[in-house]
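Heads up: the structure comes next, in structure tokens.
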Amino acid sequence: MNWLTNFVLPKIRAAVAKRDVPENLWQKCADCGQMLFRRDLEAALFVCSNCGAHQRMTPEGRLGMIFDGGNYTTIELPAPAGDPLKFRDLKRYTDRLKEAQNRAGHPRDAALVAHGSIGSLPAVVACFDFDFMAGSMGQAVGEALLAAGRLAVLQEAALIVVPASGGARMQEGILSLMQMPRTVLAVEMVKEAGLPYIVLLTNPTTGGVSASFAMLGDVTLAEPGAVVGFAGARVIEETIREKLPEGFQRAEYLLEHGIVDMVVPRKEIAATLARIIRLLMSPAPSLAAATPDGRKTAF
């Protein structure tokens, strides 16, 4: 009996025991439901090989994709303000922030700001993290956009913003809505310095984010299939009591109606940004005209 218990039984258990499999080995496409091998999905920049749907990316993944050689430097942003309104629903706001930070593995809020070069030209990129409280815009995000604007002016660099957000953060109430004009000020700061401001709309870009800085780009790009709008389609249909057109609020629909300038597949984004920055930051050629006395005058 001891021989069976001590020798044979452990051998049997070891043979039939489940081997540890990483939880993130496979990822399901949110659009078509296809199971995708994580390593292949990362190599494809998180674009589904079955239906072409563009999955969400981390801010670090996006920055590595956009900057030359994947090289960039992040800047330190002001610490989040905490809980200015002592807000509580099912949980305290401070507890929600801690949970989001623990899940994300970093102490920052929903935006990351980095600088480097794109197409060998200086650029500052502010990128949103949708997994951090749905990329909602509170005071910390407003400060991040202002910091990005100041850095772009200081470095004489293009400012690129990549929003992915459900809108203003309700736990900060009116203080979150105040970030709408503050982010507009950050954009105007860049434009007054004569520097390019480019927006890359990703899925989703909604609410107070779409009603402020996200729609002010000198050039506005969007990823295929991205949902962009203020209110949700269901809310709009219930309000106007009409069925909305097919593809309403999708990037392709917005392109047809002049809201965005280009819909760019993810693998082409870096090259497209480099081309746009080069065009917008190149000095304009002078036009010369001859005067009646034969002298040339530059305009």
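The values are calculated or read from the model by the stated rules, or taken from the named source; none is laboratory data. Everything numeric here is computed off the predicted structure, so don't read it as measured data. Backbone-built Cβ (ideal geometry, glycine too); neighbour counts: all protein chains shown.
Would you check if there is a residue in region 249-256 being outside any helix (DSSP H, G or I) and either at pLDDT 95 or above or not assigned by TED's automatic domain parsing to the domain that holds MET137 (or both)?
So far as region 249-256 goes, yes, one or more of its residues are outside any helix (DSSP H, G or I) and either at pLDDT 95 or above or not assigned by TED's automatic domain parsing to the domain that holds MET137 (or both).
Quick one: which residue in LEU45, LEU9 is part of a helix (DSSP H, G or I) and either farther than 27 Å from ARG169 by Cα or modelled with pLDDT of 90 or more (or both)?
That would be LEU9, the only listed residue that is part of a helix (DSSP H, G or I) and either farther than 27 Å from ARG169 by Cα or modelled with pLDDT of 90 or more (or both).
Of the conditions (1) of a type in the set (S, T, N, Q); (2) over 30 Å from ALA53 (Cα atoms); (3) at pLDDT 95 or above, SER212 clears all except one; give me its number.
(2)
I'm trying to understand the selection: among the residues of region 223-233, which are of a type outside the set (Val, Ile, Thr) and at pLDDT 90 or above?
Scanning region 223-233 gives GLU223, PRO224, GLY225, ALA226, GLY229, PHE230, ALA231.
GLU223 is checked against (1) within 27 Å of GLY70 (Cβ to Cβ); (2) without any contact (Cβ under 8 Å) to a residue 60 or more places away in the chain; (3) acidic (Asp, Glu) and fails just one. What number does that condition carry?
Tallying (1) within 27 Å of GLY70 (Cβ to Cβ); (2) without any contact (Cβ under 8 Å) to a residue 60 or more places away in the chain; (3) acidic (Asp, Glu), GLU223 fails exactly one: (2).
Considering only residues that are polar (S, T, N, Q) and closer than 8 Å to PRO163 by Cα, which ones fall in region 192-217?
Selection gives THR202, THR205.
Every residue, every condition in (1) over 17 Å from VAL263 (Cα atoms); (2) touching a Leu at 6+ places or on another chain (Cβ under 8 Å); (3) assigned by TED's automatic domain parsing to the domain that holds ALA271, yes or no:
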residue	(1), (2), (3)
PRO204	no, no, yes
GLY208	yes, yes, yes
MET215	no, no, yes
LEU221	no, yes, yes
PRO224	no, no, yes
ILE236	yes, yes, yes
ARG241	yes, no, yes
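Tell me whether region 79-91 contains one or more residues that are under 17 Å from GLN171 (Cβ atoms), assigned by TED's automatic domain parsing to the domain that holds ARG278 and part of a helix (DSSP H, G or I).
no
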